[in-house]
Amino acid sequence: MAVLTQEEERRQAHYEKMTQTPVPRLVTTLAIPTIISMMVSALYNMADTFFVSQLGTSAVGAVGIVFSLMAIIQAIGFTLGMGSGTLVTLHLGAKQEEEATCAASTGFFSAIFLGILLTVFGSLFVEPMMRALGATATILPYAKAYGQYILLAAPVMCASFVMNNIFRYEGKATMGMLGIGTGGILNIILDPVFIFGLNLGTAGAAIATALSQTVSFLILLILFLKGKSDVRLRISKVSRSAGMYVNILWKGLPTLCRQGLASLASVALNVNAAVYGDAAVAAMSIVNRIMFFMFSAMLGFGQGLQPVAGFNFGAKKYRRVYDATRFAALVGVVVMAAFGAVIYLLSPQILRLFRKDDAEVIALGVFALRAQCVVMPLFGITTTTNMALQSTGKAGSATFLALCRQGIFFLPLIMLLPPLIGVAGVQLAQPLADVCTLVASLPFLVYFLRSLKKMDESGV
């Protein structure tokens, strides 16, 4: 009888944990640290908005403009992270450790390379970039001051997203939480120091973010170097095969569409809101940050589902994938409904925290926020469906659904509604797009669950 090494015993124990732990407990256990890290990240985005809002309406509008830039950075990092992470969990589920290490290394070093390109070209054209993202003449100076430092941090931000996703797909979300969460808390602490203490204004908020993201990167990298992951990050393991890059991009395509369209949708929202003045841009910026905070909870829970679904799909344990998907959808609907009800009731008080002396911003923001709260329970179904399909390698279906919310439905609505019903069109475009996305998602979810039952019964 062969004696297992300590490393082999550890991997076998992890395999048994992922394939034998009761599904509700496993999904919840993996989701909690992911939810925490996602919500801490969203919280420091809200903190940026809160502290910058003390500088004036145009300054808080700049936060909404640079949010589009950060969405581009996230699109790169999450695409490579989820693409390589999906391959990692499928390979680990099939006990193919070398292939998993190759996928992880390729995703990590590709993120650094693309982040450097974004830093170089973005810094050269920062002013036209801010204008293209929707900055008005009064918002532009604040947006430039904010954006130039965010661009400098692009490589470490992209790489951090990759490492965080690899940990998460391995079922080790706590490791990712240590890095992302620590950086987020540090960002909240540094914001007032740099903005007010050092009198750096919006540039101070950006410097605080850049430094905090660098700390997150270093923590995650140290965890990898200390062997806390089942894979290694080795430049010698970076694939020279075009097929690997295509595979990573294909698996990460739903995320690219989701994150890329988030940036494009944010630009379209800013441009259309700007027609109604800086108050409209500021109001929608605040609402977006609040909703991103709420949505991050569901996104975190869905990301807790992904390693369970991907690992067990790779291990051909289809019943567990079925149970995990149903559990995530049910919990998501209930929790999002509860969050939506609370935020709906407290909308005026929440908006006043940001711009208590601007009645127009508050009025526009309350209506937009309450409209989005009404459809918040739908996130439970749409997010679960997208995450389940992506993590089990069904990139085509997942990509289509990722295109729906802020692409196929939102972009036409944000272009068509404002000319018809004025600023209400800006406020209602996203809630209506969310309803349409639910209608599109349901057939995919039903078909996916039926397919899993058939594969489980046939023993494929």
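Excluding same-chain residues fewer than 8 positions from Lys454, which lysines have a Cα within less than 21 Å of its Cα?
Excluding near neighbours in sequence, the set is Lys316, Lys317, Lys394.
Convert 25 °C to kelvin, take the viscosity as 0.890 mPa s, use the Kirkwood radius over C-alpha pairs of region 258-396 as Rh, and evaluate the Stokes-Einstein diffusion coefficient in µm²/s, rounded to a whole number.
Once the numbers are plugged in, D ends up at 149 µm²/s.
Short version: ³J(HN,Hα) in whole Hz for each residue of region 443-458, in order, from phi by Karplus 6.51 cos²θ - 1.76 cosθ + 1.60 (θ = phi - 60°), x for Gly and Pro, what are they?
x, 5, 5, 4, 5, 4, 5, 5, 5, 5, 5, 5, 5, 5, 5, 8
Tell me, what % of the accessible area of the chain is carbon and sulfur with a 1.4 angstrom probe?
For the chain, the apolar C and S fraction of the accessible surface comes to 70 percent.
Compare the peptides 212-225, 246-259 by average per-residue count of other Cβ atoms within 10 angstrom and give them in order, highest first.
Descending packing order for the listed peptides: 246-259, 212-225.
Suppose every Lys and Arg Cβ carries +1 and every Asp and Glu Cβ carries -1, with no other charges. What dipole size does the chain come out with about its Cα centre, to the nearest 20 debye?
Here the chain has a charge dipole of around 900 debye.
Can you give the FRET efficiency to the nearest 0.05 for Lys453 and Val275, using r as the Cβ-Cβ distance and R₀ = 56 Å?
For Lys453 and Val275, the calculated efficiency is 0.65.
What does the C-alpha gyration tensor say about the overall shape of region 115-221? Classify as rounded when a/c is under 1.5, otherwise prolate if a/b is larger than b/c, or oblate.
Since a/c reaches 1.5 but b/c is at least a/b, the shape of region 115-221 is classed as oblate.
Rg and Dmax in Å for region 364-460, alpha carbons only: what are they?
16.3, 56
If you fit an axis through the alpha-carbon atoms of helix 278-314 and take the longest principal axis of the Cα set of the chain, what angle between them do you get, 0 to 90°, nearest 10?
For 278-314 against the chain, the angle is about 0 degrees.
Where does the chain land at 222 nm, in deg cm²/dmol rounded to the nearest 500, when only DSSP H runs of n ≥ 4 count, each adding -39500 (n - 2.57), divided by all residues?
Value at 222 nm, helices only: -29500 deg cm²/dmol.
On average over all directions, what projected area in square nanometres does region 60-132 have, based on the convex hull of its Cα atoms?
Directional mean of the projected Cα hull area for region 60-132 stands at 5.5 nm².
How much length, in nm to one decimal, is gained on full extension between Leu330 and Ala13, taken as 0.36 nm per residue of separation minus their Cα-Cα distance?
Taking Leu330 through Ala13 to full extension adds about 111.2 nm, to one decimal.
Let's test the formula: R0 of 35 Å, r as the Cβ-Cβ distance of Lys228 and Ala337. What FRET efficiency results, to the nearest 0.05?
0.45
With angles folded into 0 to 90 degrees, how steeply does helix 154-169 sit against the dominant principal axis of the chain? Use alpha carbons for both and round to 10.
Roughly 40 degrees, rounded to the nearest 10.
Which residue, chosen from Ala329, Asn386, Gly310, occupies the Cα position most advanced towards the positive end of the dipole of region 283-408, where the dipole is computed from +1 (Lys, Arg) and -1 (Asp, Glu) charges on Cβ about the Cα centre?
Going by the charge dipole, the pick is Gly310.
Quick one: what does P(r) look like for region 374-419 with 10 Å bins over all Cα pairs, in whole %?
Histogramming region 374-419 at 10 Å steps yields 26, 43, 25, 6, 0 percent.
Order the peptides 286-297, 170-181, 195-206, 338-349 from the highest to the lowest mean number of other Cβ atoms within 10 Å of their residues.
Put in order of decreasing packing, that is 170-181, 286-297, 195-206, 338-349.
Would region 216-271 count as rounded, prolate or oblate if I go by the C-alpha gyration tensor, calling it rounded below 1.5 in a/c and otherwise prolate when a/b exceeds b/c, oblate otherwise?
The shape class here is oblate.
Which angle between 0 and 90 degrees, to the nearest 10, do you get for helix 359-374 versus the longest principal axis of the chain when only C-alpha atoms count?
Helix 359-374 sits roughly 30 degrees off the main axis of the chain.
So what are the ³J(HN,Hα) numbers for region 215-229, from phi and the Karplus equation (6.51, -1.76, 1.60; θ = phi - 60°), rounded to whole Hz, Gly and Pro as x?
In residue order, the calculated couplings are 4, 4, 4, 5, 4, 5, 5, 4, 4, 5, 5, 8, x, 6, 9 Hz.
At 7 Å along the Cα-to-beta-carbon direction for both Phe121 and Ile235, put a label point, then send me their distance in nm to one decimal.
Label at Phe121, label at Ile235, 2.3 nm between them.
Per the Kirkwood formula on distinct C-alpha pairs, the Rh of the chain is how many angstrom?
Computed over the chain, the radius equals 22.1 Å.
Let me have the relative contact order for region 110-219, percent, based on Cα pairs under 8 Å that are six or more residues apart.
About 31 percent, as a whole number.
Quick one: length gained pulling Leu442 to Ile185 fully straight, 0.36 nm per residue minus the C-alpha distance?
Result: 88.8 nm gained on full extension.
For the chain, what's the relative contact order in percent, using C-alpha pairs closer than 8 Å and at least 6 residues apart?
23
The values are calculated or read from the model by the stated rules, or taken from the named source; none is laboratory data. The model shown is predicted, which means the values in this text are computed figures rather than measured ones. Glycine gets a Cβ as well: all are built from the backbone with ideal geometry, and neighbour counts include every protein chain shown. Just the protein is used for accessible areas: all its heavy atoms, side chains included, with ligands, DNA and RNA removed. Shrake-Rupley method; radii C 1.70, N 1.55, O 1.52, S 1.80 Å.
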